[in-house]
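First up is the structure itself, then whatever we jot down about it.
The values are calculated or read from the model by the stated rules, or taken from the named source; none is laboratory data. None of the values given here were measured: they were computed from a predicted structure. Surface areas here come from the heavy atoms of the whole protein model, side chains and all, with no ligands, DNA or RNA. Shrake-Rupley method; radii C 1.70, N 1.55, O 1.52, S 1.80 Å.
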Amino acid sequence: MAEASSGKWRGKMVLSKRGRPRLRRFLYLMTMCMVMTNPDVRALYHYNVQVKKFKKMKSIMKLCGKVARMLVGLAKSNEVYNSTKVFLPVA
């Protein structure tokens, strides 16, 4: 996500095209699969859209960042995926 802003003026959030394209693509596809199949991620997605009033794509991109941080953390700590540790219950 990138924001075009200057001084007091706050611009619109847009998707940036920085980073490796294949990595971004696979991260997006993995997040979409998690939203469809994982109830914790789906609840977080719906919370972002309904309660926080995010647009659907912004919610997906926010979850992409969360999934990327989760993968790095799991790789560094050499642990297996545990949804209770990764995704805290939403409201």
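Observations, loosely collected:
- Residues that are modelled with pLDDT of 90 or more and open to solvent by 90 Å² or more (accessible area, probe 1.4 Å) do not occur anywhere in region 5-14.
- One residue stands out in region 60-91 among those that are open to solvent by less than 80 Å² (accessible area, probe 1.4 Å) and assigned to a loop (DSSP other than H, G, I, E, B): the one that is modelled with the lowest pLDDT, namely VAL90.
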